Amino acid sequence: MDELAEWMDPIDEEILEVMCETHVFAPEHVDQEDVCRAPKAAHRCRELTKHGLLTKQMTGVYDITDLGRQVLDGEVAPSELEASEE
């Protein structure tokens, strides 16, 4: 990810990278990987979900989307993403 969108936090890229790992699917796992504390990870996961980079499978369980992978690979600019109206 070259440039962050206005709505993004610098930690978001690391969260997405960690969420690419098959054993990581919850904010607590992000905390265990020493990216950031679970409450902040939970908040950022909700924001990333609003913009289509993660999907919420159930309470506290997320998965990275194809769009999330495209953003990490630099194929889609985060500034092009809009929040869903949930």
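The values are calculated or read from the model by the stated rules, or taken from the named source; none is laboratory data. Worth saying up front: this structure is predicted, and the values here are computed from it rather than measured. All Cβ positions, glycine included, derive from the backbone under ideal geometry; neighbour counts span all protein chains shown. To get the accessible areas, we keep the full protein, side chains included, count just its heavy atoms, and leave off ligands, DNA and RNA. Shrake-Rupley method; radii C 1.70, N 1.55, O 1.52, S 1.80 Å.
At what distance in angstrom do the alpha carbon centres of region 15-40 and region 46-65 lie from each other?
12
Round to the nearest 10 and give me the degree value, 0 to 90, for the angle of helix 38-50's Cα axis relative to the longest principal axis of the chain.
Taking Cα atoms only, the helix is inclined about 40 degrees.
By how many nm would the segment from THR55 to ASP9 grow when fully extended, if each residue of separation counts as 0.36 nm and the alpha-carbon distance is taken off? Display every interim value, and only then the final one.
Numbers: separation 46, 0.36 × 46 = 16.56 nm, distance 1.81 nm.
Roughly 14.8 nm would be gained on extension.
Roughly how many percent of the accessible protein surface of the chain is carbon and sulfur, given a 1.4 Å probe and a whole-percent answer?
Heavy-atom surface of the chain belonging to carbon and sulfur, 1.4 Å probe: 43 percent.
Rounded to the nearest 20 Debye, what is the dipole magnitude of region 10-77 about its Cα centre when Lys and Arg each give +1 and Asp and Glu each give -1 at the C-beta? List each step's numbers first, then the result.
Numbers: 7 positive and 14 negative charges, 85 e Å.
With Lys and Arg at +1 and Asp and Glu at -1, about 400 debye.
Any idea what diffusion coefficient region 10-77 gets from Stokes-Einstein, in µm²/s, Kirkwood Rh on alpha carbon pairs, 20 °C, 1.002 mPa s?
Estimated diffusion coefficient is 187 µm²/s.
Considering only protein heavy atoms, what is the solvent-accessible area of CYS36 at a probe of 1.4 Å, reported in Å² to the nearest 10?
20
Round to the nearest 10 and report in Å² the accessible area of ASP34, as given by a 1.4 Å probe over the protein chains' heavy atoms.
Surface open to solvent at ASP34 totals about 130 Å².
Quickly estimate the mean residue ellipticity at 222 nm for the chain, helices only: each DSSP H run with n ≥ 4 gives -39500 (n - 2.57), and the total goes over all residues, rounded to 500.
-11000 deg cm²/dmol
In region 1-46, which GluC sites (Glu not before Pro) fall in coil by DSSP and have 11 or fewer other Cβ atoms within 10 Å?
Within region 1-46, the qualifying GluC sites (Glu not before Pro) (loop, at most 11 other Cβ atoms within 10 Å) are GLU3, GLU6, GLU21.
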